[in-house]
Amino acid sequence: MPTCCGRFKAKTGKLKCYSSTSSFSHRLAVEFDGKRNEYTVLPRKGEIWALYKNWSPKIKHSDLENCEYDVVEVLDQNDLQIKVSLLERVSGFNSVFKTKLTGLTALTQELLCTELIRFSHQIPTCQLTEERGGSLRGFWELDPAALPIHYFDLT
């Protein structure tokens with residue numbers, strides 16, 4: 001199972017050099033512990049992430065090819081849990097998302113820090129302000145390269 005969150009140890013050994021940056025998506029915010037040569041990557045407040053939908057501890061690597069995702073905004077995090085708000089695609093746009101509401105309340109979910117493996121990948125975003133005369137103010141435009149194909153209107 002690919003893991004994108006947690007504590008990672010940098011190993012010394014054979015280096016791989018890249019001649020282009022096309023294999024990289026974006027920069028991550030990490031905490032570095034120089035004494036242990038470890039990097040910690042955690043979802044942070046304000047970031048947008050893809051969360052495995054219908055995740056279970058029994059999921060296999062081969063199941064990931066056809067899995068679906070929820071897109072979430074990280075609202076808060078502490079040592080015990082991460083609170084996220086679910087986002088939904090704005091009708092008429094492939095990569096514009098807004099907070100999913102139940103009535104007037106944002107639909108949120110609290111995940112234990114032991115469930116970090118549910119986070120698939122961070123999605124680069126920018127928050128919209130004046131687009132469409134301000135009608136999209138506060139919505140998120142997500143990097144289309146980081147979105148699964150099922151979010152695109154192919155008609």
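Jot down the radius of gyration and Dmax of the range 6-151, Cα atoms only, both in angstrom.
Using the Cα atoms of the range 6-151, the pair Rg, Dmax is 17.1, 55 Å.
Tell me, rounded to the nearest percent, the portion of alpha carbon pairs in the range 11-75 spaced more than 17 Å apart. Walk me through the intermediate numbers first.
Working: 1400 of 2080 pairs.
Roughly 67 percent, rounded to a whole number.
Which entries in LYS45/LYS83; LYS9/LYS35; LYS53/LYS83; LYS14/LYS35; LYS45/LYS98; LYS14/LYS60 show an alpha-carbon gap greater than 18 Å?
Violating the 18 Å Cα-Cα cut-off are LYS14/LYS35; LYS14/LYS60.
Relative to the Cα centre, what is the charge dipole magnitude of the chain, using +1 at the beta carbon of each Lys and Arg, -1 at the beta carbon of each Asp and Glu, and rounding to the nearest 20 debye? Don't skip to the answer; put the middle values down first.
Working: 20 positive and 19 negative charges, 126 e Å.
The calculated dipole for the chain is roughly 600 debye.
So what's the net charge close to HIS26: Lys and Arg +1, Asp and Glu -1, counting the other residues with Cβ under 15 Å from its Cβ? Write down the numbers at each step before the final one.
On the way: positive: ARG27, ARG44; negative: GLU47, GLU141, ASP143.
Summing Lys/Arg as +1 and Asp/Glu as -1 gives -1.
GLU130: net charge of surrounding residues, Cβ under 14 Å, Lys/Arg +1, Asp/Glu -1, itself excluded?
Working: positive: ARG132, ARG137; negative: GLU131, GLU141.
For residues surrounding GLU130, the net value is 0.
For the range 87-155, which chymotrypsin sites (Phe, Trp or Tyr not before Pro) are both in a DSSP coil and crowded by at most 12 other Cβ atoms within 10 Å?
Numbers: sites: PHE93, PHE97, PHE119, PHE139, TRP140, TYR151, PHE152; in loops: PHE93, PHE139, PHE152.
Loop-located and lightly packed - PHE152.
What order do you get for ILE82, ILE48 when you list them from fewest to most C-beta neighbours inside 10 Å?
Numbers: ILE82 26, ILE48 22.
Going from least to most buried by this count: ILE48, ILE82.
Within the range 11-88, list the chymotrypsin sites (Phe, Trp or Tyr not before Pro) lying in a DSSP loop whose Cβ has at most 14 other Cβ atoms in a 10 Å radius. Don't skip to the end; give the middle numbers.
Working: sites: TYR18, PHE24, PHE32, TYR39, TRP49, TYR52, TRP55, TYR69; in loops: TYR18, PHE24, TRP55.
Loop-located and lightly packed - TYR18, PHE24.
Put +1 on the Cβ of each Lys and Arg and -1 on the Cβ of each Asp and Glu in the range 6-151; which of SER95, ASN54, CYS17 then has its Cα farthest toward the positive end of the dipole?
The residue sitting farthest along the positive end of the dipole is CYS17.
Every number in this text was worked out from the coordinates using simple rules, so none of it is lab data. All values derive from a computational prediction rather than experimental measurement. Note that each Cβ is placed from the backbone with ideal geometry, even for glycine, and that neighbours are counted across all protein chains shown.
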